[in-house]
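Engineer: Before I ask anything, here is the structure I am working with.
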């Protein structure tokens with residue numbers, strides 16, 4: 001009998017090839033001064049407050065929107081395998097790095113997402129593949145996540161466009 005009303009685990013995957021060597025792309029994801037220059041939706045300014053790139057370490061940052069809003073984020077790194085793989089638990093946070101609800105989605109966005117980013121040589125370019133999965137989520141949180149795949153695709157596509165421009169300018 002099917003599990004009617006039970007949310008199946010959702011997974012968001014996006015990939016893009018960047019015209020830069022893998023080490024250069026890795027640095028853009030792992031050096032706080034570079035990450036701050038491209039990470040986040042188009043139009044936001046990202047500020048990295050804490051960056052401890054090691055398993056168990058955190059990244060704590062905020063994004064300021066053009067209209068004056070501020071969103072805090074926290075990564076807790078699980079795996080750092082230079083220059084090929086990053087895994088972290090991604091969450092919204094407060095200014096003290098405590099996990100917080102997303103400032104949208106009526107409180108139904110998952111508190112934590114397991115994020116895996118891989119970096120692979122593709123000739124002289126680099127293929128980046130990002131996977132997001134809700135972690136310890138309720139059924140309604142998984143359904144909300146699954147219902148917002150288009151929005152996530154648009155958001156990451158915009159971030160990747162900024163990253164493309166950043167890599168091209170360096």
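The values are calculated or read from the model by the stated rules, or taken from the named source; none is laboratory data. Keep in mind the model is a prediction, meaning the values are calculated, not measured. With ideal geometry, Cβ positions are generated from the backbone for all residues, glycine too; neighbour counts draw on all protein chains shown.
Engineer: Surrounded by 16 or more Cβ atoms within 10 Å (Cβ to Cβ) and either closer than 24 Å to residue 53 by Cβ or free of Cβ contacts under 8 Å to residues at least 40 places away in the same chain (or both): which single residue out of 143, 86 fits that description?
Structural biologist: Answer to the selection: 86.
Engineer: For residues in the stretch 151-170 being surrounded by 13 or more Cβ atoms within 10 Å (Cβ to Cβ) and touching a helix residue (DSSP H, G or I) at 6+ places or on another chain (Cβ under 8 Å), which is nearest to residue 41 (Cα to Cα)?
Structural biologist: Selected residue: 163.
Engineer: Failed condition for residue 29, given (1) part of a helix (DSSP H, G or I); (2) modelled with pLDDT under 95, with all others met?
Structural biologist: Among (1) part of a helix (DSSP H, G or I); (2) modelled with pLDDT under 95, the lone unmet condition for residue 29 is (2).
Engineer: Read through the list (1) surrounded by 13 or more Cβ atoms within 10 Å (Cβ to Cβ); (2) touching a residue at least 24 places away in the same chain (Cβ under 8 Å), then give the number of the only condition that residue 51 fails.
Structural biologist: Against the list (1) surrounded by 13 or more Cβ atoms within 10 Å (Cβ to Cβ); (2) touching a residue at least 24 places away in the same chain (Cβ under 8 Å), residue 51 comes up short only on (2).
Engineer: Can you pull out every residue in the stretch 103-136 that is touching a residue at least 60 places away in the same chain (Cβ under 8 Å) and over 16 Å from residue 86 (Cα atoms)?
Structural biologist: Correct list: 122, 124, 125, 134.
Engineer: Now a separate question. Output yes when any residue across the stretch 14-30 is out of contact with any helix residue (DSSP H, G or I) (no Cβ under 9 Å at 6 or more places or on another chain), under 25 Å from residue 150 (Cβ atoms) and surrounded by fewer than 19 Cβ atoms within 10 Å (Cβ to Cβ), and no when none is.
Structural biologist: yes
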